[in-house]
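One structure is given below, encoded as structure tokens.
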Amino acid sequence: MNQCPYSGWAPSTHIWCEEQICWWIREPANTFSNLTYVIIGVLILLNANKYNFPNLKLLGYFSILLGFMSGFYHASSSFLGEVLDYSSMFLISSFVLVANLSRMFQWSPKKMTIVASLIFIISVAVLVKLRTVGAVLFGLQVNAALVVELMLRKRAEKKVIYRNLFISLGLFVFGWGIWNLDTHRIVCDPTNHIINGHAIWHVATGIAIYYIYQFYTQFELKHE
């Protein structure tokens with residue numbers, strides 16, 4: 001009997017609304033919507049090169065990596081893909097958290113790299129061990145970054161423009177709401193392989209990454 005691609009792989013811990021088909025791309029809508037991250041990453045790199053923001057290029061590279069890793073995750077619906085997907089998400093969340101901590105404590109590039117690496121390694125290790133905590137770990141890092149941002153706002157010596165951050169948060173909250181409608185099967189059409197709630201999450205959060213980048217362009221993060 002012929003088996004479907006990836007049938008011998010350890011499966012993902014989560015089954016999304018979109019039904020999985022017996023093909024090399026098991027969830028087409030969830031897979032191809034990740035092109036948003038790739039496009040956003042390229043735009044960030046182009047903008048960072050144009051306006052000389054070398055310290056922010058990492059966000060562009062991380063967004064592109066997220067697009068490919070999340071795309072592989074949904075194409076294979078495997079636990080390996082899930083780990084790679086969340087790992088690339090941790091790169092972005094740890095970048096934002098450490099960027100805020102650096103603004104607060106004036107960390108050197110070396111210290112930023114060490115702290116971000118530790119956060120990333122510990123997060124991936126916990127995910128591999130406990131398997132179902134990826135979203136929780138990502139949420140903790142994002143919320144920690146927001147707490148630090150609030151602390152920075154109280155002690156800010158110069159005016160910070162928050163418009164792009166608010167837009168990013170709005171897109172993230174919108175995407176998170178749609179994500180929940182999809183994952184809890186509240187709004188769900190399993191046979192729709194063109195657009196669904198999780199695909200909208202990819203698009204919304206991809207655009208959110210661009211606005212996060214725009215928010216950080218007003219700061220001179222150390223990169224020498």
(message) Between 0 and 90 degrees, rounded to the nearest ten: what's the tilt of helix 57-76 against the longest Cα principal axis of the chain?
(response) 10
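Total Lys pairs in the chain closer than 21 Å by alpha-carbon, pairs eight or more apart in sequence or interchain only? If you can, show how the numbers build up before the last one.
On the way: 50/222; 57/110; 57/111; 57/222; 110/222; 111/222; 158/222; 159/222.
Value for the chain: 8.
Taking the Cα centre of the chain as origin, sum charge times position over the Cβ atoms of Lys and Arg (+1) and Asp and Glu (-1), and report the length of that vector in debye to the nearest 20.
On the way: 16 positive and 11 negative charges, 209 e Å.
Magnitude of the dipole: close to 1000 debye.
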(request) Kindly express, to the nearest 10 degrees and within the range 0 to 90, the angle between helix 79-105's C-alpha long axis and the longest C-alpha principal axis of the chain. (result) 10
(request) Have a look at the stretch 1-133 and give its Rg and Dmax from the Cα atoms, expressed in angstrom. (result) 17.2, 61
(request) At 7 Å along the Cα-to-beta-carbon direction for both residue 39 and residue 174, put a label point, then send me their distance in nm to one decimal. (result) 1.5
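Fewest to most neighbouring Cβ within 10 Å: what's the order for 33, 108?
Ordered from fewest to most neighbouring Cβ atoms within 10 Å, 33, 108 come out as 108, 33.
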(request) Give the angle, between 0 and 90 degrees and rounded to the nearest 10, that separates the Cα long axis of helix 197-216 from the longest principal axis of the Cα atoms of the chain. (result) 10
(message) Quick check: convex hull over the Cα atoms of the chain, volume per residue in Å³, rounded to an integer?
(response) 123
(message) Using Cβ counts within 10 Å as a stand-in for footprinting exposure, how do 149, 19 rank, fewest first?
(response) 19, 149
(request) Please identify which residues in the stretch 179-213 have an amide N closer than 16 Å to a label point set 7 Å out from the Cα of residue 153, following the Cα→Cβ vector. (result) 212
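Within 14 Å, Cβ to Cβ, of residue 147, how many net charges do the neighbouring residues add up to if Lys/Arg are +1 and Asp/Glu are -1? Mind dumping the intermediate values first?
Values: positive: 103, 153, 154, 155; negative: 149.
Here the charged neighbours net out to +3.
None of the figures in this text is laboratory data; all of them are computed from the coordinates on show. Predicted model only: the values in this text are computed from it and were never measured. Cβ: placed from backbone, ideal geometry, glycine included. Neighbour counts: every protein chain shown.
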